[in-house]
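Bear in mind that the values in this text are calculations on the coordinates, not laboratory data. Note that the structure is predicted; figures quoted are calculated from it, not measured. Note that we place each Cβ from the backbone using ideal geometry, even for glycine, and neighbour counts take in every protein chain shown.
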Ligand SMILES: O=C(O)CCC(=O)C(=O)O
């Protein structure tokens, strides 16, 4: 899954694309007001194609199972940055990180990637239920379109302004961590809040290479896939501010349990030739897999 010299060159050129101060100011104002912003980080077409090419063997009815990632199914590969330099490059995109640093006012870094093949229909939630922090909302999601996305492909769905609400963890809905159906009850609770507040949904209709950044407290999810024959290839990268406290409400049973994010790092220099690096990657992936299993058990 290596990249040609030309691809590397284009990726570097595109990393130099940045916004002017006036544009950054406008982006900040929109983010504060609506809880999300659309940006065009000028990701090279070769890079986006590279992501799709790297993950093609694992998606749809393909049988291949990626190794060294914490989770993969026919529609979702988590932390594919372990196996794809292109996924890593999207997560580390200079423009995206610069904008995030400005929005949050702290140094932001990626700690999880999710690559999708088709629409997810994921229930509406705030990312803070999965990835909370002290201070609150020092976390963002960034959704990059790897192809043009229209409404029948099950685009991202979000509720502008909903990020201004107070923090809504399980206790907000009188749900105890680990209770049966706690996550589906959380999702029901969120849907009632949306109805009560009259939040209006919007869809992430994007052109290939465009991105949406959302706040940890913005209500969002995946809209239904109206045309099941269509793909909706995308990469979500989750970013935290560095040097703060990180916790997951779904795993904090009796008290806030802090954890250390698995920061995205460059493992692509000589991934297979260094046995120690490889062993560390495998150990780390196994650890993440266990963490993921615990989380999905708690979430169901
Ligand atoms: O891409 C989607 O359909 C949903 C993604 C999402 O909600 C998330 O990553 O938090």
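Odds and ends about this structure:
- Relative intensity of the range 5-299 on a log10 scale, I(q)/I(0) at q = 0.08, 0.12 Å⁻¹, equals -0.33, -0.78, per a Debye sum over C-alpha point scatterers of equal strength in the absence of solvent.
- Extension gain for residue 53-residue 201 works out to 50.0 nm (0.36 nm per residue, less the C-alpha to C-alpha distance).
- Taking other Cβ atoms within 10 Å as a rough exposure proxy, 226, 206 sort from fewest to most as 226, 206.
- Centroid-to-centroid separation of the range 70-99 and the range 171-234 [C-alpha atoms, Å]: 21 Å
- Panel order for 113, 237, 20, 256, by other beta carbons found within 10 Å of each beta carbon, from fewest to most: 20, 256, 113, 237.
- In summary, the convex hull built on the alpha carbon positions of the range 117-178 has an orientation-averaged projected area of 5.8 nm².
- Label point distance in nm, residue 280-residue 64, each placed 7 Å from Cα along Cα→Cβ: 2.7 nm
- 222 nm mean residue ellipticity, helices alone, for the chain (DSSP H n ≥ 4; -39,500 (n - 2.57); rounded to 500): -10000 deg cm²/dmol
- Computed from the C-beta positions of residue 106 and residue 33 and an R0 of 35 Å, the FRET efficiency is 0.95 to the nearest 0.05.
- Fewest-first ranking of 59, 203, using other Cβ atoms within 10 Å as the exposure measure: 203, 59
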